[in-house]
Every structure is written in structure tokens, then in C-alpha cells.
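The values are calculated or read from the model by the stated rules, or taken from the named source; none is laboratory data. Keep in mind the model is a prediction, meaning the values are calculated, not measured. Ideal geometry is used to build each Cβ from the backbone, glycine not excepted, and the neighbour counts take in all protein chains shown. Ligands, DNA and RNA are stripped out before the accessible areas are found, and what is left, the full protein with its side chains, is counted by its heavy atoms. Shrake-Rupley method; radii C 1.70, N 1.55, O 1.52, S 1.80 Å.
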Amino acid sequence: MLEPWGPLQMFFTDLHYQHQKKYNATLVAQAYEMLHDPYCRLYYCFLDSVLQKFTQFNLLFQSECVVITSLHGQACELYKDILLMYMNRDYVMKRSLADVDPGEEREFLMLEQVYLGASVLKRTVENVAMYNDRARMKEFRLKCRSFLVTAAKQVKKRYDFGDPVLSRLSMLDPAYVVGHQGVREQSLVPLASCLPRIIEQDDLTLQKQDDEWRRLGMDNLPEEVTSMAQQKCMIKEKFPDKFWGTVKTVVDDKGIPKYECVAHFALAVLSLPHSNADCERCFSDINRMKSKDRNTLKTDTIRDVLLAKQCVHWKQNNCTTFTPSRAMLRNMNSKVLYPSTAIAGEEPQDVPDIYID
């Protein structure tokens, strides 16, 4: 809305003074007044700065990568960012976010101190007449603060900042594991006790997991492991699952896995879905494939097409640039493609995956 503001002003100014009968004169006059009201534009400037924070956070839930290790940190950052726009810093920073009441009026900043974004501040400083209009500025700030309070309440309503699992999942972040983020936790038992179905709760299993976890902070890990953790710090790609998959393959001098127990636990935890975006995408793909004209498609066919699409996507290609491997081409035979025409009496054989290398 802000980008075409100037052209819209010119368009409705022209309509307002021409009095064309094919347009509703009342609506044109209302649009003309709103577009030339500096406070109306100020509201849009405020929304533009605030809504971007929610848009960026929402992208986290749309990600196809494993981002569950950073979900709690991102949620806390968003919540604090909103709270600090209209509440006292000491009240927000010196207590647990779960205990902060976003509607506590005694901790609100004065209206003049409420932060409404750089664009709003710039325009109020440049427009002296607007700044001196105390009544309208007070009304504007009150409405903006009300929006921030409601936004903070909705965030707290939808996310439990005291969740014992999500608040501890940053421990499984690659950068944290190799010691790049301060002091490491000495034990995984607090996290494991919240997930009894993922790991056995007997003392022997928990102790073995803790031994491997503590050894991770002391051993000189292979270069392929440490390099993945360092890349995690430098780029936006989220790959804790790949990191722990590599950790699971590390063996000692005798060829015995060194971190099998803790890696298995970490990979099981990372399989927890952080949103239903992937499921919704899969449903959409199926709806596009199984249309009214193709309503007799079998489940096996739909599954195979989805697997083929995933393979092309993982290779970062499309249908015109993807090159199948020789193993894929060898598997494209009549026995695989048309199993119902196989020779009678022939024993069925396990068919290798024709989509993945």
C-alpha cells in the first residue's frame, strides 16, 4: 500500500476534481481525504514495520528444513521485540517470559516513549505540524499501543514459553554441540525425561547417552563434523539432522560407533514436526494429481510420483535439468514398471528404489 501511495494520490485527486458520474462521488471523496491525511499514512508506516516481524517468523513455520532447534529462540526474540516497544525494559528482561503479563499497564512506557518504527519517527520529526497536533498524536499512539498489546497477548496465547521440551531443543543445535555458544549443558537427562517414548528411561541407557554427550564436548571431532557446525553459524541453511547423521557415523579405532546412542536420540527428537506445512503441501500435490480427469489413479502411482518429485527437488533441479543416474535407468524395466505382466510363477523380488541414488 505504501509503495503506490503517490500514484494513488494522483489518481484519486484527478477523480475528485473531475466529478465523473461513473464513479461514486462519496467513495471517491473518502479515498481522496484518506490518501491526503498524513495520519492515515502514518498508520500504514507503523503496520509495515510491525507486520514484517510476524512475516519473518511465519516463514520459519513454512520451512521444509529442520528448524525446531531454533524455534524457541526465534519465538522469544519476537515476543521480546514486541514487548520492548511499549513496556519497561527491566520488567521484560529481569523475569521469565512465561511470567510477563503483556497487559500489565503499570509497566507500560509513557505514550511518547512507545517505539512505533523508524518510518513513523522519521515522518513525525519532519512534519512539525503533525508532531504539534497533540490530540491526534495521542490518539494515534494509543491505537498503535493497543495493537502491540493485542499482538503480544496473541503470541503468548499461541506459544508456551515455559514448554520444557522446546526450551531445551537448542542443546541439539550443531553450533551449541561443538561448544561455539557458551557453556554446554552437562546432561541430556532433563530433555530425555520429557520424552519417555523416544529413549528408555533406565539408568544404564541414560548414563550411556550422557557419557557420549559429555564426550562430544571433549573429543577432537572429525573435520566433516566440525565444519558442518561452523557452516551452521555462517549460513541460513538449517541442517541439524545432517549434522547428527554424520555424528552417528563416527567410530573409534576399533570401528565401534562412539556417539550412536546420543545421535539416535537427537535424530528421533528432530523428527518432531514443527508445523503442518509439509503435510499441507503434500495434500495440495495430491489434489493437483488426482483431479476429476485422473480420478482412477492408484495410491501406489501417486506415491511414486511424489517420490520422484522429492528426488528432483532434493537435487535442486527441475524436470528439464534433472539427469537420472545409471542405477535409476537400470531399474526402469518392465518388471518394475508393469509388475502385473510379470511371468507367471516367478518369485517376486525386492525392487530397489528407482528414485533415490
With the contact rule set at Cα under 8 Å and sequence spacing of 6 or more, what percent relative contact order holds for the range 130-209? 16
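Using a ≥ b ≥ c from the Cα gyration tensor of the range 1-69 (square roots of the eigenvalues), is it rounded, prolate or oblate, where a/c under 1.5 gives rounded and otherwise the larger of a/b and b/c decides, a/b for prolate?
Numbers: a/c = 4.42, a/b = 2.97, b/c = 1.49.
Taking the square roots of the gyration eigenvalues as a ≥ b ≥ c, the range 1-69 is prolate.
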Estimated distance in nm for a label pair at THR320 and ASP211, the labels positioned 7 Å out from Cα along Cα-to-Cβ: 5.8
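Can you give the helix-only mean residue ellipticity at 222 nm for the chain, where every DSSP H stretch with n ≥ 4 adds -39500 (n - 2.57) and the sum goes over all residues, rounded to the nearest 500 deg cm²/dmol?
Numbers: 18 runs with 206 residues, N = 357.
The helix-only estimate for the chain comes to -17500 deg cm²/dmol at 222 nm.
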Run down the aspartates and glutamates and flag those whose C-alpha is under 16 Å from the C-alpha of LYS309, throwing out any fewer than 8 positions away in its chain. GLU64, ASP278, GLU280, ASP285, ASP300, ASP353, ASP357
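How much of the accessible area of the chain, probe 1.4 Å, is carbon plus sulfur, in whole percent? Don't skip to the answer; put the middle values down first.
On the way: 12410 of 23360 Å².
Exposed carbon and sulfur together represent 53 percent of the surface.
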Using Cα pairs under 8 angstrom and six or more residues apart, how large is the relative contact order of the chain, in percent? 15
Cross-link table LYS208/LYS248; LYS298/LYS335; LYS157/LYS242; LYS94/LYS143; LYS94/LYS157, entries beyond 23 Å C-alpha to C-alpha: LYS157/LYS242; LYS94/LYS143
Using 0.36 nm per residue, how much length does the chain from ASP163 to TYR43 gain when fully extended, once their Cα-Cα distance is taken away? 39.7 nm
In nanometres, the difference between 0.36 nm per residue of separation and the alpha-carbon distance of LEU111 and ASP203 is 27.5 nm
What length, rounded to one decimal in nm, is gained on full extension from VAL125 through to PHE283, with 0.36 nm per residue of separation minus their alpha-carbon distance? 51.8 nm
If you place +1 on the Cβ of every Lys and Arg and -1 on the Cβ of every Asp and Glu, how big does the dipole about the Cα centre of the range 275-331 come out, in debye to the nearest 20? 200
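Taking R0 as 25 Å, what's the FRET efficiency between GLU139 and LYS22 from their Cβ-Cβ distance, rounded to 0.05?
With R0 = 25 Å, the Cβ-Cβ based efficiency is 0.10.
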Provide the per residue accessible area, probe 1.4 Å, for the range 98-171, rounded to a whole number of square angstrom. 63
Tell me the label-point distance for the pair LYS53, THR249, using the 7 Å Cα-to-Cβ offset, in nm and rounded to one decimal. 4.2
Mind listing the phi-derived Karplus ³J(HN,Hα) values for the range 192-202, rounded to whole Hz, using 6.51, -1.76 and 1.60 with θ = phi - 60°, and x for any glycine or proline? 5, 5, 7, 10, x, 7, 8, 9, 4, 9, 6
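Just check the range 1-143 against the gyration tensor rule for me: Cα atoms, a ≥ b ≥ c as the square roots of the eigenvalues, rounded for a/c under 1.5, and otherwise prolate or oblate depending on whether a/b exceeds b/c.
oblate
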For the range 2-18, 3J(HN,Hα) per residue [Karplus equation, 6.51 cos²θ - 1.76 cosθ + 1.60, θ = phi - 60°, Hz, x = Gly/Pro]: 5, 5, x, 4, x, x, 5, 4, 5, 5, 6, 5, 4, 5, 5, 8, 7
For the chain, rounded, prolate or oblate, judged on the Cα gyration tensor with a ≥ b ≥ c (square roots of eigenvalues), a/c < 1.5 rounded, else prolate if a/b > b/c? oblate
